[in-house]
Amino acid sequence: MSQLHYALFTGCTAKQSTPELLSSTLAVAEKLGIKITILEEASCCGASHLQDFDEFLAHVLNARNICYAEKLNLTMITICNTCQLNSAMTKHALDKDPVLKAKVNEKLAEVGLEYKGTSQIKHFLYAIIDEYGLENVKDKVTVPLSHLNIAPFYGCHNIRPSELHEDANGHENPYNPNSLDRLITALEGHPVNYESKNKCCGFHVELQANHTSEVLAGNALLDAMDNNADMMVTPCPLCHLKMDTYQDSISKTMGRDVELPVLHMPQMVALALGCSEQEIGLKFHVQKAKHLYTA
Amino acid sequence: MSASINQNSTTRKVTIKAFRFNAETDYLPYIKQYEMEVGKDELILDLMNKIKWEHDGSFSYRRSCRHGICGACAIKVNGKSVLACKQNAIELLDLFDNDITLEPSSKKRVIKDMIIDKSDFWEKHAAIKPYVVADVDPRPSHESKQSIEEFNNFMDSDLCIQCGACHYACPALEVNPDFLGPAALNAAYRFTVDTRDTAGDERLAITAQMGSGVWDCVKCFECAEACPKEINPIEKIGKLHNLQFVRGVAQSNVATRHAEGFLRGMMKTGYLDEADIVTYSEGYLGTLKHMGTAFKMMKSGKIHWHSGIPFINSIPKIKNLDEVQKLIQISQTNKL
């Protein structure tokens with residue numbers, strides 16, 4: 001296999017509240033021999049909120065990000081479901097609507113850029129599964145996760161709308177997704193089967209509809225706990241933030257103690273590949289998770 | 001998971017599970033199993049007919065047109081919203097490993113088996129004035145003219161058959177019974193952008209209400225996935241968000257500031273400013289309720305000192321920040 005090389009769109013959280021997501025992503029890529037070029041020029045994707053305010057502006061800014069992956073002639077990989085969705089939405093809109101594409105390019109020309117539509121956009125999870133291959137991941141496992149029941153939490157924006165994601169997520173079915181389950185199995189962990197695995201965590205209404213947000217996150221966490229999960233894993237740092245950071249208030253809302261480590265997908269892989277504690281960064285979690293180093 | 005392929009034909013012998021409950025006589029719902037042969041062209045509606053006609057005549061469900069236009073037969077199969085008369089059965093048996101359970105669209109609204117009380121759906125639909133509001137001459141000399149572009153603005157949203165698939169797939173609505181839901185919001189969009197209509201601002205005010213309107217959508221895209229007519233209701237919710245700013249009727253509140261406030265951080269560093277978006281959206285008083293969380297994030301290092309002083313200069317700047325600043329200046333079309 002020739003060496004895989006990707007342009008990494010880090011998104012905002014990996015540069016701010018979840019430094020462990022970036023460090024574990026880079027550590028996993030290194031262990032797997034995947035070359036990563038960080039798109040240091042890339043800005044925020046708008047996270048669907050800027051889109052609510054000004055859709056055209058959001059397309060212009062996302063198209064600019066994609067331009068930098070195109071310049072390198074590389075597939076752009078994301079490590080956040082919402083970055084994935086919003087970047088892919090812009091790509092989809094521009095690729096199918098030449099009038100919009102021309103309008104966006106008129107703006108981009110002012111800063112010397114042009115969106116062409118030549119780079120694919122893929123979440124790191126699917127780059128690992130569909131391009132690196134789970135058989136190859138298996139060969140690299142040095143610390144099997146056979147002692148752990150792991151609840152996969154897929155996060156909405158990687159699996160819905162399925163029409164948008166097409167082959168970028170290996171045609172994952174949103175009603176019966178299995179990529180994370182297969183990844184957990186490849187690392188010799190035990191995937192937990194529970195109803196909430198493809199449901200919403202409530203992150204996006206954290207500020208304006210707090211109760212809804214807390215109940216959705218609580219439902220998922222309790223469902224995982226009731227099915228004997230030792231930890232949860234998610235490819236989305238926004239799901240992570242909602243479900244790791246707010247467990248105290250979620251416990252109050254739900255009237256039950258919620259206590260479950262929520263790991264980023266690359267952190268889980270990093271554990272199984274024997275990366276260092278520094279790289280995995282469990283110390284950055286609000287809910288205690290450091291016991292997973294030695295569990 | 002019992003299934004066997006009949007080698008001599010294209011049918012598959014399976015056990016279908018169905019949710020059973022009679023609100024008048026049953027204390028609790030239960031699941032019953034039915035064995036049957038399923039052919040490659042059979043629909044979920046055919047399976048329900050077999051249960052009723054060959055196994056148990058008391059099995060109840062709504063059906064009428066049988067070609068995807070009346071919206072009566074919307075149910076769920078293993079949590080997936082389907083229109084029973086459009087959904088191929090073998091496709092679902094393949095997706096769910098031959099283990100499928102027929103369920104009503106909403107278990108808590110069941111009257112009998114697959115039949116639910118949809119009154120909340122119709123109340124919300126009615127609340128957004130789902131009709132063209134216009135002063136029309138009773139004896140007009142010609143029909144209302146509309147260009148193809150104007151018509152195309154709402155063409156797909158007009159295809160809604162009111163089956164309720166998106167409404168009962170919406171998790172926000174399950175938690176917050178006041179939320180209007182994707183079907184009503186789609187209808188609100190459909191009439192608001194109709195050039196003959198004059199009640200757009202009124203509808204935008206209804207759909208902008210905090211607690212019941214567009215800002216309570218959780219952005220899960222369940223509705224886009226559930227719609228059997230491929231309407232993509234969340235896309236229309238997005239357009240309603242935008243219309244508030246385009247028509248200049250947006251009120252300044254936590255949700256609208258949250259949407260617009262993304263630009264504050266992006267102008268300074270290219271990234272969203274995670275702390276500023278909370279204080280700007282909530283206001284200083286509203287921020288107080290987040291202090292406990294902020295303290296915990298500080299303690300664990302989620303708010304960190306690696307690259308500067310938190311809240312002051314800890315966010316790195318992207319390369320070529322001037323490009324983003326310029327693009328915002330020349331491309332921004334809406335204001336709060």
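For region B:138-208, the helices (runs of 4 or more DSSP H) that sit wholly inside it and include 2 or more residues that are surrounded by 21 or more Cβ atoms within 10 Å (Cβ to Cβ) are B:171-175, B:181-192, B:200-207. State all residues of region A:48-94 that are facing another protein chain (nearest Cβ under 7 Å), crowded, with 24+ Cβ neighbours inside 10 Å and in contact (Cβ under 8 Å) with a residue 60 or more places away in the chain; if no residue qualifies, say none. Result: A:H49, single match. Restricting attention to region A:235-253, does a residue exist that is in contact with a strand residue (DSSP E or B) (Cβ under 8 Å, 6 or more places away or on another chain) and surrounded by fewer than 22 Cβ atoms within 10 Å (Cβ to Cβ)? For region A:235-253, residues in contact with a strand residue (DSSP E or B) (Cβ under 8 Å, 6 or more places away or on another chain) and surrounded by fewer than 22 Cβ atoms within 10 Å (Cβ to Cβ): absent. When B:I303, B:I234, B:I277 are checked against the criterion of being aliphatic (A, V, I, L, M) and either under 30 Å from B:R66 (Cα atoms) or touching a residue at least 40 places away in the same chain (Cβ under 8 Å) (or both), B:I234 stands alone in meeting it. On the given criteria, is A:K283 surrounded by fewer than 21 Cβ atoms within 10 Å (Cβ to Cβ), within 26 Å of A:K138 (Cα to Cα) and basic (K, R)? When the stated conditions are applied, A:K283 does not pass them. One residue alone among A:L61, A:L22 is under 18 Å from A:K116 (Cα atoms), touching a helix residue (DSSP H, G or I) at 6+ places or on another chain (Cβ under 8 Å) and not assigned by TED's automatic domain parsing to the domain that holds A:M265, and that residue is A:L61.
So, A:I128, is that one surrounded by 21 or more Cβ atoms within 10 Å (Cβ to Cβ) and not assigned by TED's automatic domain parsing to the domain that holds A:N219 or not? For A:I128, the condition - surrounded by 21 or more Cβ atoms within 10 Å (Cβ to Cβ) and not assigned by TED's automatic domain parsing to the domain that holds A:N219 - is met. Scanning region A:159-180 turns up no residue that is farther than 22 Å from A:L85 by Cα, out of contact with any helix residue (DSSP H, G or I) (no Cβ under 8 Å at 6 or more places or on another chain) and away from chain B (no Cβ under 12 Å).
Can you say whether A:A209 is of a type outside the set (S, T, Y) and at the interface with chain B (Cβ under 7 Å from one of its Cβ atoms), as far as the supplied structure shows? For A:A209, the condition - of a type outside the set (S, T, Y) and at the interface with chain B (Cβ under 7 Å from one of its Cβ atoms) - is met. Under the condition of being among the acidic types (D, E) and assigned to a helix (DSSP H, G or I), the residues counted in region A:218-236 number 2. Selection within region A:78-118: residues that are farther than 24 Å from A:D52 by Cα and either among the hydrophobic types (A, V, I, L, M, F, W, C) or at pLDDT below 95 (or both). The member of this set that is nearest to the chain's Cα centre (by Cα) is A:L113.
Within region A:26-47, restricting attention to residues that are small (G, A, S) and in a helix (DSSP H, G or I), the residue that is farthest from the other protein chains (Cβ to nearest Cβ) is A:A29.
The values are calculated or read from the model by the stated rules, or taken from the named source; none is laboratory data. What you are looking at is a predicted structure, and each value in this text was computed from that prediction instead of being measured. Positions of Cβ are backbone-derived with ideal geometry, glycine not excepted, and every protein chain shown enters the neighbour counts.
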